[in-house]
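Heads up: the structure comes next, in C-alpha cells.
The values are calculated or read from the model by the stated rules, or taken from the named source; none is laboratory data. Since the structure is predicted, the reported quantities are computational estimates derived from the model, not experimental observations. All Cβ positions, glycine included, derive from the backbone under ideal geometry; neighbour counts span all protein chains shown.
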Amino acid sequence: MNKKSFFSLKDLRDFEPNKPSYAVLGKPIAHSLSPLFQNAAFKKLSLDAVYIRVEVAEEELEQAVNLLVEKGFLGWNCTSPLKKKMASLCNALDKSATLLGSVNTVLRKPNNFLVGYNTDGSGWAIDVKKTFSIDFSKLTITVLGTGGVGEAIAKQSALEGSKKLILLNRTYDNALTVARNIEKNFNVEVQVLSLTEQNLKNSIIKTDLFIQSLPLLPFKSLNFQWEKILHPHILIYDLLYFPMPTPIESIAKRIGCKATNGLGMLIEQGALSFSIWTGLKAPIETMRKSVYLEV
C-alpha cells in the first residue's frame with residue numbers, strides 16, 4: 001500500500017492490485033473517512049478486499065476512471081464536485097442516480113460496464129429517520145444550499161413525501177432550476193428564495209427540519225446572527241461533519257434545539273454502496289464504531 005494517506009494518479013498508474021479493490025475519488029481526499037469503515041466492513045465479513053483514497057481533480061476524472069477500469073477495480077465512490085461528471089462517464093444509471101442527477105457510487109460489471117448509483121439521498125433519509133424518528137409527510141423542510149449534495153437532499157425530501165420545501169441558495173437561478181425539476185417529478189410545493197438573513201429567518205419560522213448543506217468556508221462567510229434565526233422547536237441536520245461539533249451544532253446546543261451532523265449520513269450511504277458492490281448486507285454497527293473510535 002501507498003505510505004501516504006492517499007494515492008495520486010501517478011501512484012494509481014503504478015498500483016498493481018493483488019486483491020479485489022475499491023476506492024473513493026476526490027480532491028481534497030486525505031480527510032475522507034470512507035476507507036475506515038469500508039475496510040472495517042470487509043474485515044468483519046472476512047472479505048479479502050481493500051478500499052483506498054485517490055486524489056482526483058474534476059478535469060482528471062475521465063483519466064482516473066480509465067485507470068480504475070484498467071487496474072480491475074470493482075467499484076468506487078466519488079465526492080463533490082465530481083458527482084455530476086461521473087454520471088456522464090457511466091454506461092448506465094440506476095434510478096437513484098437518474099432521479100438525483102448525480103453519481104456517488106459506481107459498480108463495474110463484466111465487460112467493464114459501469115453502472116452509476118446515488119446513495120447520498122437514501123443514506124441521508126435513513127439517518128434522519130433513525131436520529132429524529134420523524135414522518136417526512138408531516139414536514140416542511142428548508143434546505144440551505146442547492147449545489148451538489150444539497151440538490152440531492154432536496155430531491156430526496158420530495159421523494160420521501162415532504163409536504164413543502166423551501167430552498168435558499170447564493171445563486172438564485174440554481175435553486176430555481178432544482179425547484180422546477182422537483183415540481184416536475186413530485187407532488188410537492190417548492191418555494192425558492194434568495195439567500196439573505198431575513199429570508200432565512202422568515203423561512204425558519206415555518207420550518208420543521210432545517211438542512212444546512214453549504215461547505216464550511218461558505219457557511220462561515222455568511223456571518224448571520226444564527227441565535228436570532230434558529231429556535232428550539234426545529235430539528236437541524238448539518239451535512240458537514242467536521243469540525244465536531246460543527247458550527248451550527250454548537251449554536252443549536254446553546255439555544256436548545258436538537259441537531260445532528262452528516263457523519264451518520266456518510267456511514268449510511270457507505271453501507272448502501274458496500275451492499276451494491278458485494279451483494280451482502282453491510283455490517284453497519286461495525287462501520288459506525290470504526291468511525292466514532294477515530295473521530
Being within 19 Å of Gly279 (Cα to Cα) and part of a helix (DSSP H, G or I), is that true of even one residue in segment 127-134? no
Could you say which residue among Ala282, Ala259 is under 29 Å from Arg108 (Cβ atoms) and of a type in the set (Gly, Ala, Ser)? Ala282
Name the single residue, out of those in segment 80-96 being assigned to a loop (DSSP other than H, G, I, E, B) and among the aliphatic types (A, V, I, L, M), that is surrounded by the fewest Cβ atoms within 10 Å (Cβ to Cβ). Leu89
I'd like to verify a number: residues in segment 259-295 that are farther than 12 Å from Lys44 by Cβ, out of contact with any Phe, Trp or Tyr (no Cβ under 7 Å at 6 or more places or on another chain) and either at pLDDT below 95 or not in a helix (DSSP H, G or I) (or both), how many? 6
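Given the criterion assigned by TED's automatic domain parsing to the domain that holds Ile284, aliphatic (A, V, I, L, M) and in contact (Cβ under 8 Å) with a residue 40 or more places away in the chain, identify the matching residue among Ala87, Ala41, Ala92, Ala97.
Ala41
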Based on what the data block shows, is Asn77 touching a Ser or Thr at 6+ places or on another chain (Cβ under 9 Å), surrounded by 15 or more Cβ atoms within 10 Å (Cβ to Cβ), in a helix (DSSP H, G or I) and not small (Gly, Ala, Ser)? no
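Can you tell me how many residues within segment 217-245 are of a type in the set (Ser, Thr, Tyr) and either part of a strand (DSSP E or B) or in contact with a strand residue (DSSP E or B) (Cβ under 8 Å, 6 or more places away or on another chain) (or both)? Spell out the reasoning first.
Here is the first cut: in segment 217-245, the residues of a type in the set (Ser, Thr, Tyr) are 221, 237, 241.
Narrowing further to those that are either part of a strand (DSSP E or B) or in contact with a strand residue (DSSP E or B) (Cβ under 8 Å, 6 or more places away or on another chain) (or both): 237, 241.
Within segment 217-245, residues that are of a type in the set (Ser, Thr, Tyr) and either part of a strand (DSSP E or B) or in contact with a strand residue (DSSP E or B) (Cβ under 8 Å, 6 or more places away or on another chain) (or both) number 2.
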Can you tell me how many residues in segment 178-207 are not aromatic (Phe, Trp, Tyr) and not in a helix (DSSP H, G or I)? 12
Of all residues in segment 138-154 being outside any strand (DSSP E or B) and surrounded by fewer than 24 Cβ atoms within 10 Å (Cβ to Cβ), the one that is modelled with the highest pLDDT: Leu139
Output the number of residues of segment 97-119 satisfying the condition of being buried (at least 16 other Cβ atoms within 10 Å of the Cβ) and modelled with pLDDT of 95 or more. 13
For segment 246-256, state whether one or more residues are part of a loop (DSSP other than H, G, I, E, B), surrounded by 14 or more Cβ atoms within 10 Å (Cβ to Cβ), modelled with pLDDT of 95 or more and under 21 Å from the mean Cα position of the chain (by Cα). yes
In segment 155-177, how many are assigned to a helix (DSSP H, G or I), surrounded by fewer than 19 Cβ atoms within 10 Å (Cβ to Cβ) and either in the same structural domain as Leu99 (by TED's automatic domain parsing) or in contact with a Ser or Thr (Cβ under 7 Å, 6 or more places away or on another chain) (or both)? 2
Quick one: in segment 21-71, which of the residues that are among the polar types (S, T, N, Q) and touching a Ser or Thr at 6+ places or on another chain (Cβ under 9 Å) is farthest from Leu107 (Cα to Cα)? Ser32
